[in-house]
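Take a look at the structure set out below.
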Amino acid sequence: MMIGPRMQQAMNEQIMHETASAYLYFSMASDFHAKGFDGMAQWMKAQAQEEIGHALRFFNHINDRGGRVELLAIEKPQKEWASPLSAFQAAFRHEEFITGKIDELVQLAREENDNAAEIMLQWFVTEQVEEEDSVTKVVDMLELIGDSGHGLLMTDRELGQRVAGSLSTSEAGAEAQAGKDGT
Ligand SMILES: [Fe+2]
Ligand SMILES: [Fe+2]
């Protein structure tokens with residue numbers, strides 16, 4: 001089924017949102033690098049790469065269905081955050097925004113009886129649950145740690161273990177908690 005004009009427009013906008021997500025996480029990675037949190041920077045770079053993968057899924061879906069991808073302008077992201085906690089909190093709010101966009105796309109697919117889009121979007125519904133969960137775990141961890149330099153160092157080391165495609169942070173949580181108890 002050829003993609004309809006409304007779905008094509010909405011997916012072109014989503015390519016922009018996913019790419020803007022990558023841009024935001026690259027900016028957070030850069031800020032982390034500048035402040036010596038190389039592990040958190042690594043985590044954000046892996047996240048940014050995943051977001052590019054998300055943009056590509058929409059790019060391919062439009063093309064596979066005879067549509068035309070049109071790239072839209074991306075806003076300049078924030079450059080600096082007050083603390084690792086505030087950066088990860090901002091990442092969480094951003095993921096909530098993206099989840100809302102995915103829900104709107106699902107709604108549109110239903111309105112348009114676009115089964116191909118609806119099935120393709122199911123992957124994103126599941127992905128957003130995982131992403132919100134993984135960011136929440138880091139936020140919880142950083143809230144526990146507070147101002148403990150030792151705790152931040154441990155968390156940075158653990159988050160640096162993340163490679164692109166891996167979202168497991170449960171071990172990092174346990175380590176951070178151990179680090180906090182140790183100080
Ligand atoms: Fe995404
Ligand atoms: Fe995301």
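The values are calculated or read from the model by the stated rules, or taken from the named source; none is laboratory data. These numbers come from a predicted model, not from an experiment. Cβ coordinates were reconstructed from backbone atoms using ideal geometry, including for glycine residues, and neighbour counts include every protein chain displayed. The protein model used for the area step is the full one, side chains on, heavy atoms only, and it has no ligands, DNA or RNA in it. Shrake-Rupley method; radii C 1.70, N 1.55, O 1.52, S 1.80 Å.
Once you have the alpha carbon radius of gyration of the chain, what is it after dividing by 2.2 N^0.38 Å, with N set to its residue count?
Details: Rg = 18.0 Å, N = 183, 2.2 N^0.38 = 15.9 Å.
Compared with the compact-globule rule of thumb, the chain sits at 1.13.
Roughly speaking, what % of Cα-Cα pairs in the range 16-91 are separated by over 18 Å, rounded to a whole number? Could you put the intermediate results ahead of the total?
Details: 1254 of 2850 pairs.
Percentage above 18 Å: 44.
What distance in nm separates the simple spin-label points at E96 and N63, each placed 7 Å from Cα in the Cβ direction?
3.6
Calculate, for the range 52-170, the solvent-accessible area per residue in square angstrom, rolling a 1.4 angstrom probe over the heavy atoms of the protein chains.
56
Can you compute the modelled spin-label distance between H150 and D133, with each label point 7 Å from Cα toward Cβ, in nm?
3.2
Expressed as a rounded percentage, what relative contact order does the chain have, with Cα pairs under 8 Å and six or more residues apart?
About 27 percent, as a whole number.
Based on the mean of other Cβ atoms within 10 Å per residue, sort peptides 41-47, 51-57 so the most packed one is first.
41-47, 51-57
Starting from 0.36 nm per residue, how many nanometres of slack lie between E13 and T126 once their C-alpha separation is accounted for?
38.7 nm
How high is the FRET efficiency from K79 to V106, r the C-beta distance, R0 35 Å, rounded to 0.05?
Efficiency at R0 = 35 Å is approximately 0.55.
For E118, E143, give me the order by solvent-accessible area with a 1.4 Å probe, most accessible first, ignoring ligands, DNA and RNA.
Output order, biggest surface exposure first: E143, E118.
Taking the Cα centre of the range 81-122 as the origin, how large is its charge dipole in debye, to the nearest 20, when only Lys and Arg (+1) and Asp and Glu (-1) carry charge on their Cβ atoms? Provide the component values of the computation, followed by the final result.
Working: 3 positive and 8 negative charges, 57 e Å.
The calculation lands at about 280 debye.
Counting only complete DSSP H runs, which helices of the chain cover 20 Å or more along their long axis at the Cα atoms and score a mean Kyte-Doolittle of 0.0 or above?
Both cut-offs are met by 115-145.
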